[in-house]
Amino acid sequence: MVQTESEIAREVGRRIQKIRATTGVSARVLAECADMDLTNFQRIERGIGNPTIATLVQIATALEIDVAELVTGLDPNDLPHGREPYGYSQAKTRRRAYRAIY
């Protein structure tokens, strides 16, 4: 079974929940404003699943914030196990990218 939860998803969910709480808007109203199913919205708030960029834009629009507020400062070390991104400048020292690029 694929793990769909990650620390990043949980942090984005916490940010959505915090902003929603400060506005005093219910999950039901916000989900409707974001043109989303309530159940799907609640899963994102709980940090379950992996929302697309489009979904994050929908939620940010409904919250009347910039989508960057939901993702700024997230750390790649919090990605799910097995995901190990690195900058292109390290490609020559990383075997996987070296083969693909050179």
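General observations
- Protection proxy ranking for 57-64, 34-41, using the average of other Cβ atoms within 10 Å per residue and placing the highest first: 57-64, 34-41.
- Once both labels are positioned 7 Å from their Cα atoms along Cα-to-Cβ, the gap between Leu74 and Arg28 label points is 2.9 nm.
- Entry comment: accessible area of the stretch 7-100 is 69 Å² per residue, from protein heavy atoms only and a probe of 1.4 Å.
- Within the stretch 1-93, the ratio Rg/Rh, alpha carbon atoms throughout and Rh by Kirkwood, equals 1.04.
- Using R0 = 25 Å, the C-beta based FRET efficiency linking Ser89 and Asp66 works out to 0.30.
- Of Thr23, Thr55, the residue with the largest accessible area leads and the full order is Thr23, Thr55 (1.4 Å probe).
The values are calculated or read from the model by the stated rules, or taken from the named source; none is laboratory data. All figures in this text were calculated on a predicted structure; none of them were measured in a lab. Quick reminder, even Gly has a Cβ in these numbers, built from the backbone with ideal geometry, and neighbours come from all protein chains shown. These area figures cover heavy atoms from the full protein model, side chains too; ligands, DNA and RNA do not enter into them. Shrake-Rupley method; radii C 1.70, N 1.55, O 1.52, S 1.80 Å.
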